[in-house]
Amino acid sequence: MVYRNNNLKDNTKVNEGEIPVYPFFVDVPSFPERKYLVGVYRFARMSYIALFVAILLCLFIVFRAFSRKISPRFVKWNNVENQYEYVPFSYSLKPKFALKEISYSEYLNQYFIRNYIEKRFSVFDTVQNYNNWCDCKEKTKSKMGVFNVNEECYLCKYSSSSVYKFFVDNVQNAYTTMSEDGISRSVNLLNIEFKSGSETNPELSVIEWILNKTKPIIIRQTYRIDFVVNEYKNNTIKSRDVLIGYITISGPKTSPQKRSVISESFMFNPNADLLLKEYSEEINAIK
């Protein structure tokens, strides 16, 4: 039932001019549904406004998320201070080197090749040179094998007889003369890359097969190495050469400490000038 006085039961408010705004002033006898339509309209309008504000907030959040710089913090152990410390890192800076994951065995092979190259081309004092280049006849290898970098006669023990013979016949005397003249050499590796490899599974005899014996799988892997040889005299750089090396190593697959260099070849890098320029810039940046 619709009241004639705009649905107001208290006529005193009409006389005093204090009529409530909504929904009373839209409630008329001829159109009683009007107050509901107005309510729906206002609810829809407020909903649109809320939706518009929500869209603006979402766009702002997305914009802020993509505009922020990613700067994670890494944690490392400081051996000097005996405590953990943060290492800042910014992804906005272009990395100088591309990092890639390698297997555990691959890492150990590369570790051996790095040590071999350094001992093969470095020239130090007479005692250390002898320790690296001496003949290993009647000398046994340590249990650590190639990972014992201080082992006596390293080149002889961990390279084939033909490779070591070539070094003694064509290189060792020249290096000895350089050392006597006060010239030293150091090696800086620029890159090491796996090129090819193969595995040989030795066949078992009938007796070995019956006795359930096994033979180790022998691997054969070839790597390319780019490195810089620095030559010094009186603590002053005398010359730099950029070389390319191809080294083939071999040994039991499951015993990475038992490796040996079975072939090697070296040549001057045709892009030596460009690589030396980049190498010098990196050295200066470190300093």
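The values are calculated or read from the model by the stated rules, or taken from the named source; none is laboratory data. In this text the structure is predicted, and so the values were computed from the model without any measurement. Here the Cβ positions follow ideal geometry from the backbone for every residue, glycine too, while neighbour counts run over all protein chains shown. Keep in mind that these areas ignore ligands, DNA and RNA; they rest on the heavy atoms of the full protein, side chains included. Shrake-Rupley method; radii C 1.70, N 1.55, O 1.52, S 1.80 Å.
For this structure, a couple of remarks:
- Restricting attention to the stretch 256-273, the residues that are without any contact (Cβ under 8 Å) to a residue 60 or more places away in the chain and farther than 24 Å from K165 by Cβ total 5.
- Of all residues making up the stretch 110-152, the number that are among the acidic types (D, E), modelled with pLDDT of 90 or more and open to solvent by 40 Å² or more (accessible area, probe 1.4 Å): 4
- Scanning the stretch 168-185 for residues that are in a helix (DSSP H, G or I), of a type in the set (S, T, Y) and in contact with a strand residue (DSSP E or B) (Cβ under 8 Å, 6 or more places away or on another chain) yields Y175, S179.
- Residue match in the stretch 198-216 (condition: β-branched (V, I, T), over 30 Å from F124 (Cβ atoms) and assigned to a loop (DSSP other than H, G, I, E, B)): yes
- Within the stretch 211-225, the presence of a residue that is more than 23 Å from L275 (Cβ to Cβ) and of a type in the set (F, W, Y) is excluded.
- Residues in the stretch 101-131 that are without any contact (Cβ under 8 Å) to a residue 12 or more places away in the chain, in a helix (DSSP H, G or I) and of a type in the set (A, V, I, L, M): V127 only.
- If you go through the stretch 153-171 and keep only what is open to solvent by 40 Å² or more (accessible area, probe 1.4 Å) and polar (S, T, N, Q), you end up with S161, S162, N170.
- Among (1) under 30 Å from the mean Cα position of the chain (by Cα); (2) open to solvent by less than 70 Å² (accessible area, probe 1.4 Å); (3) of a type outside the set (S, T, N, Q); (4) modelled with pLDDT of 90 or more, the one test that Y246 misses: (2)
Yes/no matrix, rows are residues, columns are (1) over 31 Å from the mean Cα position of the chain (by Cα); (2) surrounded by 14 or more Cβ atoms within 10 Å (Cβ to Cβ); (3) assigned to a strand (DSSP E or B):
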position: V187; (1), (2), (3): no, yes, yes
position: I219; (1), (2), (3): no, yes, yes
position: E231; (1), (2), (3): no, yes, yes
position: S239; (1), (2), (3): yes, no, yes
position: M267; (1), (2), (3): no, no, yes
